[in-house]
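Following: one structure in structure tokens, then a few remarks.
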2 protein chains.
Amino acid sequence: MQEQLTKFITDRIQLTEADLQQVLSCFHLLVAKKNEIIGRTGEPSRRMFFVNKGCLRVYYIKPDGREATRRFAFENSFSTSLTSFIGGTLLKEDTQAVEPSQLLYINREDFYRLLNTIPNWEKFYRGFLEQAYIINTSRLEDFITLNPRERYQLLLKENPEMVLRLPNKLVANYLNITQEALSRIKSGS
Amino acid sequence: MQEQLTKFITDRIQLTEADLQQVLSCFHLLVAKKNEIIGRTGEPSRRMFFVNKGCLRVYYIKPDGREATRRFAFENSFSTSLTSFIGGTLLKEDTQAVEPSQLLYINREDFYRLLNTIPNWEKFYRGFLEQAYIINTSRLEDFITLNPRERYQLLLKENPEMVLRLPNKLVANYLNITQEALSRIKSGS
DNA sequence: CTGATTATTTGATCCTGATCAATGTTATAG
DNA sequence: CTATAACATTGATCAGGATCAAATAATCAG
């Protein structure tokens, strides 16, 4: 059950066997049904998820009720509403399993406790933050430098899995366009 | 000269006097003229800047030569193209002083060396990364959830200094709209 | 101070992607 | 399996900003 997580961690930092066990013991299984919402806007941020199997979608809900997708997380990646997780504040976005998913989560207190007890965990967190920052900045760059068609083409090139695996509707939302617009882009009109 | 920087650091982490001096000794003065470009796309990322006085603008250059502003940094903030700084890779954006500026910079090697020599510097970096992530994510949120008028109104509310201090042209570019559109938004048409 | 450059405003037109609507296609629950 | 709902496609129209153009206004270098 925790092989993927173990690999993810040990690929990034060195840990003694005891430290590794302590880290792993903080993670718990959560099985989510398709479309189940596992983090809701307004709740306090409590957990960080590792996706073992399935896919998570993190999205804002606009005042008019429409959604805006910030990111997807597939297998072997971590996902949390980091902005809220950092301060333990209220979530500003929902997290939803868009496929039946198998997740390993760690509670916020445990996560931060590890920072004090496991020397190299700070390094793990640093790498996590750096990666999260890079991904986010690249996404911001896409929005301020590319038009919808270019964004789609870039996504198809850099992240074909997302286009192939997810329904059009969600891909369009991720690109911040309507599904009609995406349909037309795909058909090349 | 280094009072502001000293305050910035000691407000965030605890350092012995010796450690503080070691940190400060890594920072060097750079005076930049208005419109001077102090970091150019394609160069290796070498420096991180602390703005003592003035203002920096970080922007992408699109294939057609137009610019897209990612961020501004005013007094008492750090600025670098973090995405490139992290890996020491080539810059993907320019950094320009939009006002006559007084900067303190630290070289990349020195910055990362401090991570190994000064125990609390890792904590400083963590805070820096967290802040940078939060700011970026909030900006991404603005783009995927708000229209141009709403983005302007939010900016005026949360960051009035930017609207008051910078030329319209730059504010418009930051909002990813034309200066004509911003002019019309401001005049309330 | 002054001429030249750069920024701002305003108007007219255009174009991209949103919206609305209808039809066809897949998934999915029971 | 089948009924129903969710998703995808296609067409027609609309609207918000971009673009182009011209007239002021503000800066700045010399």
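For region B:143-155, the set of residues classified as facing chain A (nearest Cβ under 10 Å) and either aromatic (Phe, Trp, Tyr) or touching a residue at least 12 places away in the same chain (Cβ under 8 Å) (or both) consists of B:Phe143 only. Here A:Ile13 qualifies as outside any strand (DSSP E or B) and either in contact (Cβ under 8 Å) with a residue 24 or more places away in the chain or closer than 24 Å to A:Glu161 by Cα (or both). For region B:152-182, name all the residues that are open to solvent by 70 Å² or more (accessible area, probe 1.4 Å) and near DNA strand C (Cβ under 10 Å from one of its atoms). Passing the criteria: B:Pro167, B:Lys169, B:Thr178, B:Gln179, B:Glu180. Highlighted here are the strands (runs of 3 or more DSSP E) found entirely within region B:58-109 that include at least 3 residues which are farther than 26 Å from B:Arg12 by Cβ and in contact (Cβ under 8 Å) with a residue 12 or more places away in the chain: B:67-73.
When the criteria are applied in full, B:Glu130 meets the requirement of being within 9 Å of another protein chain (Cβ to nearest Cβ), away from DNA strand C (no atom under 16 Å from the Cβ) and surrounded by 19 or more Cβ atoms within 10 Å (Cβ to Cβ). Only a single item in (1) touching a Leu at 6+ places or on another chain (Cβ under 9 Å); (2) within 14 Å of chain A (Cβ to nearest Cβ); (3) outside any strand (DSSP E or B) is not met by B:Gln4, and it is number (2). Looking at this structure, is B:Pro100 away from every other protein chain (no Cβ under 14 Å), open to solvent by 40 Å² or more (accessible area, probe 1.4 Å) and closer than 23 Å to A:Gly127 by Cα? The answer is no for B:Pro100.
The sole residue among A:Ser25, A:Ser79 that is surrounded by 18 or more Cβ atoms within 10 Å (Cβ to Cβ) and not basic (Lys, Arg) is A:Ser79.
The set of residues in region A:111-126 that are out of contact with any Leu (no Cβ under 8 Å at 6 or more places or on another chain) and open to solvent by 30 Å² or more (accessible area, probe 1.4 Å) comprises A:Tyr112, A:Arg113, A:Asn116, A:Thr117, A:Pro119, A:Lys123. Would you mind stating whether B:Leu155 is over 29 Å from A:Ile61 (Cβ atoms), under 18 Å from the mean Cα position of the chain (by Cα), of a type in the set (A, V, I, L, M) and outside any loop (DSSP other than H, G, I, E, B)? Criteria not met by B:Leu155.
Just one residue in the set A:Glu122, A:Glu109 is farther than 22 Å from A:Val163 by Cα and at pLDDT 95 or above; that residue is A:Glu109. From the list A:Arg149, A:Arg139, the one residue that fits, being away from DNA strand D (no atom under 12 Å from the Cβ), in a helix (DSSP H, G or I) and open to solvent by less than 30 Å² (accessible area, probe 1.4 Å), is A:Arg139. The sole residue among A:Leu103, A:Leu90, A:Leu140, A:Leu166 that is in contact with a Gly (Cβ under 6 Å, 6 or more places away or on another chain) and of a type outside the set (Ser, Thr, Tyr) is A:Leu90.
Reported count of residues in region A:19-33, each being under 10 Å from A:Ile106 (Cα atoms) and not in a strand (DSSP E or B), is 4.
The values are calculated or read from the model by the stated rules, or taken from the named source; none is laboratory data. Since this is a predicted model, take the numbers as computed values, not measurements. Reconstructed Cβ throughout: ideal geometry from the backbone, glycine too, with neighbour counts over all protein chains shown. What goes into the accessible areas is simple: the full protein's heavy atoms, side chains included, and nothing from ligands, DNA or RNA. Shrake-Rupley method; radii C 1.70, N 1.55, O 1.52, S 1.80 Å.
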